[in-house]
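Working notes for the structure below.
The values are calculated or read from the model by the stated rules, or taken from the named source; none is laboratory data. Since the model is a prediction, treat every value here as computed from it, not as a measurement. So basically every Cβ, Gly included, is an ideal-geometry build from the backbone, and we count neighbours across all protein chains shown.
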Amino acid sequence: MPARLKLIPRTAAATTEIVPGEHPIVIGRDPQSGVVLSEPSVSRRHAQLVRRDDALLIEDLGSAVGTFVNDQRVTAHVLVDGDRIRLGRQVEFEVVSEAIAALIESAGLDDKSTGVRHLQELLDVARQLHTAAVLPEVLAAVLRSAIRIMRAESGALALINADQKLEMVMRLPRHAAPSVAQEEHDLLQQAVRGQRTIASQAMHETLIGAATTVRPDMVAVPLMVARRALADDSSFVGRLDVVGAVLVSRPASTQVVPREELAIFESLAADAGMAIDSARLYKEARAKAKFEHEMALAKDIQEALLQPPPQVPFCTTFARTVSAASVGGDLYQGVLRPDGGLALALGDVAGKGVGASLIMALATGMLRLLHELGHPLAEILPILHRQLLNYSPGNKYLTLGALVIYPDGRVELANAGHCPPALVRMDGQVQLLDSGGPVLGLLPFGNWSVEALNLGPGDALVVYSDGISESVSAAGDDYGPRGVARTLAAVAGGTPTVMANALLEASVAHRDGRPADDDVSLLVVRYSG
């Protein structure tokens, strides 16, 4: 019968010896792999070892960097004594027979030298934790190392979550009986609360005929992180924070856990606490960087979309938006139509960020296209509504105030769930136009009416967002559409810039100078005649 083979690590990135059994062993970065490697060039499911008849094969599982045997890239290869395997760029193993491996080990360090062996184990663990940056990989490395060091049958790892509750995040094997899972959780909780190692050596015996079954011994160690002191504190360590706990279950035995092994386990937990905390910080930093990148992208999209309306001889305009956050959800647009009219719109997309910016891009693009094709305003809102229903998420919708002003002073006005526009006559009369229809892109149906108006020279229309009308005073009173009307009546006949600035200043004064809770946007068009 051919000699049985095993894989011996030959580089630092190859962190564990592999002894193939009868079942396939998957090797990769995936925490669920049979052998977990943290080297970045190793794929999540990189390769597998499988026995076929009396032969041992290594099969590549579609890895990115490749599987190599004796420096030749392979997809499947029958291994023999002396082969050198490389996974990715830095993980190397040597294939040896178990008999030769035993001779190598006996010729080297004496296994009875437990101090040296324990030091080697800690170095191996430290190397694994150093190369793992992603939290699941760190957790898998910690738990597998704890099981190996303590010669345990199973292990569990729990972390304190954002709600300050202890949450089980990993167990090997993955499933346990409910009674065992509860005992594990209780022991982990004790280790966290007491900030010390907790051991359970109680035996629960259940007689089944002549057989006796006993519960395995469990040992739980807290995972703690030393925080630096404040600058004016002379102590080096400010405090110890508990981030979780790790537990192993050993085969039931009357033997006491050797103090040396327990010390190694506690040393592992100390390193693991720092590694887990660093991986969490890395995860948070990546999430923050991703968010900031999305916000910058959304801001670029918004700035590209918010262009001033084109100038025409029969009217003057003013358009502006002030975002309550770094990126707002308000939009405005001006488009010249083929029939000589100037189409204007001001809208508010529900939400912020990239999602809102994409809805803005869809809405402004559709409005521009439909106006340039000469569609009447009465048709444009239903078409835009259908497109938003088809292509936007269910929680995104658009309120819109839209109008078309013509050279002879005629105006067509439509409102989709937006604040009531204000018609400001030259003589100081202000009328709030509250007719319209529902928001766009939310309900499966809707009807939008178009109101016809006639403007004389000096008359103006003002479309504004709820960031203005919903400005709240210190007493809790809304500025409201009536406040908008009062302010505009005092500046009737003024230029669009004068009216806009008056409205912006009045809303700021109403909320006592506090920042607005929502985007502040407005669009003013004044007919020149």
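Worth a mention:
- Scope the stretch 366-385; condition surrounded by fewer than 18 Cβ atoms within 10 Å (Cβ to Cβ) and either under 29 Å from the mean Cα position of the chain (by Cα) or among the β-branched types (Val, Ile, Thr) (or both); matching residues: 383
- Some residue of the stretch 306-325 being aliphatic (A, V, I, L, M), part of a strand (DSSP E or B), modelled with pLDDT of 85 or more and farther than 30 Å from residue 508 by Cβ: yes
- For residue 16, the conditions (1) out of contact with any helix residue (DSSP H, G or I) (no Cβ under 8 Å at 6 or more places or on another chain); (2) in a loop (DSSP other than H, G, I, E, B); (3) within 24 Å of residue 170 (Cα to Cα) are fulfilled apart from (1).
- Scanning the stretch 343-358 for residues that are part of a loop (DSSP other than H, G, I, E, B) and modelled with pLDDT under 75 yields a count of 1.
- Residues of the stretch 28-63 that are among the small types (Gly, Ala, Ser) and in contact with a helix residue (DSSP H, G or I) (Cβ under 6 Å, 6 or more places away or on another chain): 38 alone.
- Selection of the stretch 66-90 for residues being modelled with pLDDT under 90 and either in the same structural domain as residue 171 (by the TED database) or under 32 Å from the mean Cα position of the chain (by Cα) (or both) yields 88, 89, 90.
- Checked against (1) in the same structural domain as residue 376 (by the TED database); (2) farther than 26 Å from residue 498 by Cα; (3) outside any loop (DSSP other than H, G, I, E, B), residue 340 passes all but condition (3).
- Scanning the stretch 451-478 for residues that are surrounded by 20 or more Cβ atoms within 10 Å (Cβ to Cβ) and of a type in the set (A, V, I, L, M) yields 455, 460, 461, 462, 463, 468.
- Out of 42, 50, one residue alone is touching a residue at least 12 places away in the same chain (Cβ under 8 Å), aliphatic (A, V, I, L, M) and buried (at least 21 other Cβ atoms within 10 Å of the Cβ). It is 42.
- Checking 370, 381, 442 one by one, the residue that is part of a helix (DSSP H, G or I), touching a residue at least 40 places away in the same chain (Cβ under 8 Å) and farther than 25 Å from residue 488 by Cβ is 381 and no other.
- Residue 336 being crowded, with 22+ Cβ neighbours inside 10 Å and either touching a strand residue (DSSP E or B) at 6+ places or on another chain (Cβ under 6 Å) or aliphatic (A, V, I, L, M) (or both): no
- Scanning the stretch 238-268 for residues that are modelled with pLDDT under 55 and either under 16 Å from residue 144 (Cα atoms) or more than 32 Å from the chain's Cα centre (by Cα) (or both) yields one hit, 254.
- Lone qualifier among 423, 440 - being in contact with a strand residue (DSSP E or B) (Cβ under 9 Å, 6 or more places away or on another chain) and within 28 Å of residue 294 (Cβ to Cβ): 440
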